[in-house]
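Heads up, the thing below is written out as structure tokens.
Computed from the coordinates by the stated procedures, all read-outs in this text should not be read as laboratory data. It should be emphasised that the depicted structure is a prediction, and the values quoted were computed from it without experimental measurement. Heads up, the Cβs are rebuilt from the backbone with ideal geometry, glycines too, and the neighbour counts pull from every protein chain shown.
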Amino acid sequence: MNWKFWTSKKNQTEKKKKSATREWGDALVFAVSAATIIRGLFIEAFTIPTPSMEKSLLVGDFLFVSKVNYGARTPVTPLSFPFAHHTMPVIGTKSYLDWIQLPYYRLPGLSKVKRNDVVVFNYPMEDFRPIDKQENYIKRCIAIPGDTLEIRDGIVFLNGKMEANPPEGQTTYLVKTKDGYGFNERTINEMGINRNDYGRTQDGDFIFTLTKENETKMANFANVQLIRPAINFKGRHAKDIFPFDPKLAWNDDNYGPIVIPAKGMTMPLNASNIAIYKRAIEVYEGNKLDIKDDGIYINGQKTDSYTFTMDYFWMMGDNRHNSADSRFWGFVPENRIVGKALFIWFSWDSNASFFSKIRWSRIFNGIN
């Protein structure tokens, strides 16, 4: 019997062996795809770029941020380069194409955003970028949807009750010393106070950025006569404070009261509060809002109220006098929430000596 027909079919069905280049290419595609899915749906690395969260988080801390806790946001801008947020490294061009914009949708999460969570979110004032390509910020969630927030002399009040400041949070203090004498540099360094965290006023006094613990220590120094928070007084209007309305006369230390919008909440609108909610209604929720002599118009209809379609949050940095946060640009809508900061996986001090650059004591610390 002639078996050639069998061997011929067998040879035809044998798969050709992949070349080394093809194998490397397939492995690279798989690795990029897997990493993109993990980064988009589960966990992502993040670096602390500014001192707005000190001393809770330090410049040079590297964090892991969970997308699972609040539910991962599905891509809004699908045409983008892997692992680049909004700008390509080295060449500095856009890392995405905004030809396709998908609706906002969030997968189910383990929990809602809670008060005092440390949250990564997209900076909501960058109207020139898609929402998922806006700059990443990290702050502490101070107030959640439905809360009434007020700041009195630097102290946060929620729904009429005083809130404790974060244990490692910082604020600015005015310090007077006997005969204007300064401080021992070694002592200041041992307290973990950076050179950029203090200076002198025109009157010869000192300005220090301190944690509560360091404020207590400094108050006991023999040469310190007076130490008190350096705050903006009530009624002093700050032009750069949201919602930039001089009638409100708010500043970073005396602010509100202000109600944080919640999904389904109907808010009365009038001349005294429209500046607070105008951006949320118009920009974040996509309505046309006009303020006319005879009243407020939304999508051409005169109204004295508005029902919100999203939840909103109030974010502030722990370094209260060195943080660009909700006091300066208002609410963070739910569709800008990226994830919850979990723990520090590495920490690098670029200003330290060669052998002290790695902050070993911070590695694998949880974030509270």
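What number comes out for the charge environment of residue 110, summing +1 per Lys or Arg and -1 per Asp or Glu over other residues with Cβ under 14 Å away?
Values: positive: 67, 106, 112, 114, 340; negative: 117.
With Lys, Arg at +1 and Asp, Glu at -1, the neighbours total +4.
What the phi angles of region 259-266 give under the Karplus curve with 6.51, -1.76 and 1.60, with θ = phi - 60°, is a coupling list of 8, 7, x, 10, 4, x, 6, 9 Hz, glycine and proline written as x. With both labels modelled 7 Å from their Cα along Cα-to-Cβ, the residue 249 to residue 212 distance reads 3.0 nm. Any chance you could check the Cα centroid distance between region 316-338 and region 278-294 for me, in angstrom? Centre-to-centre (Cα) distance: 22 Å. Phi angles of region 165-177 translate, via the Karplus equation with coefficients 6.51, -1.76, 1.60 and θ = phi - 60°, into HN-Hα couplings of 6, x, x, 9, x, 10, 9, 9, 10, 8, 10, 9, 10 Hz per residue; Gly and Pro are given as x.
Extension gain for residue 184-residue 112 works out to 21.2 nm (0.36 nm per residue, less the C-alpha to C-alpha distance). Comparing 105, 181, 198 in a Gaussian network model of the chain (Cα springs below 10 Å), the most mobile by mean-square fluctuation is 181.
Return 293, 349 ranked ascending by Cβ neighbour count within 10 Å, so the fewest neighbours appear first. List each step's numbers first, then the result.
Working: 293 4, 349 15.
Neighbour counts put them in this order, fewest first: 293, 349.
Show me the three semi-axes of the equivalent ellipsoid for region 170-229, from the C-alpha gyration tensor (sqrt of 5 times each eigenvalue), largest first, rounded to whole Å.
Working: eigenvalues 47, 30, 29 Å².
Each semi-axis is the square root of five times an eigenvalue, giving 15, 12, 12 Å.
So if I average 1/r over every pair of distinct C-alpha atoms in the chain and take the inverse, what Kirkwood radius in Å does that give? Before the final figure, lay out each step's value.
Numbers: mean 1/r = 0.0417 Å⁻¹.
One over the average 1/r among Cα pairs gives 24.0 Å for the chain.
The angle between the Cα long axis of helix 20-41 and the longest principal axis of the Cα atoms of the chain comes to about 40 degrees, rounded to the nearest 10.
For a footprinting-style exposure proxy, rank 33, 80 by other Cβ within 10 Å, fewest first.
Numbers: 33 11, 80 20.
Ordered by Cβ neighbours within 10 Å, fewest first: 33, 80.
May I ask you to derive the relative contact order of the chain, considering only C-alpha pairs under 8 Å and at least 6 residues apart, and to give it as an integer percent? The value is 21 percent.
Quick check on packing: order 294-300, 256-262 by the mean number of other C-beta atoms within 10 Å, highest mean leading.
Details: 294-300: 12.6, 256-262: 19.4.
Taking the mean over residues of other Cβ atoms within 10 Å, the ranking is 256-262, 294-300.
The distance between label points at residue 324 and residue 34 comes to 3.9 nm (points 7 Å beyond Cα on the Cα→Cβ vector).
Annotation note: trypsin sites (Lys or Arg not before Pro) in region 258-296 located in DSSP loop regions with a Cβ neighbour count of at most 12 within 10 Å are 288. For residue 347, the amide hydrogen comes within under 5 Å of the amide hydrogens of 62, 359, counting only partners 5 or more places away or on other chains and with H modelled in the peptide plane.
For residue 267, the residues whose modelled amide H falls within less than 5 Å of its own, excluding neighbours fewer than 5 places apart on the same chain, are 306, 307, 308.
The slack in the chain from residue 202 to residue 263, taken as 0.36 nm per residue of separation less the alpha-carbon distance, amounts to 17.1 nm. Taking amide H positions as modeled 1.01 Å from N, with prolines and chain starts lacking one, the residues under 5 Å from residue 156 and 5 or more places away or on another chain are 163.
Karplus-based coupling profile of region 333-342, in residue order and whole Hz: x, 4, 6, 9, 5, 9, x, 9, 6, 9, with θ = phi - 60° in 6.51 cos²θ - 1.76 cosθ + 1.60 and x standing for Gly or Pro.
Could you tell me the distance between the Cα centroids of region 79-117 and region 246-264, to the nearest Å? For region 79-117 versus region 246-264, the Cα centre distance is 29 Å.
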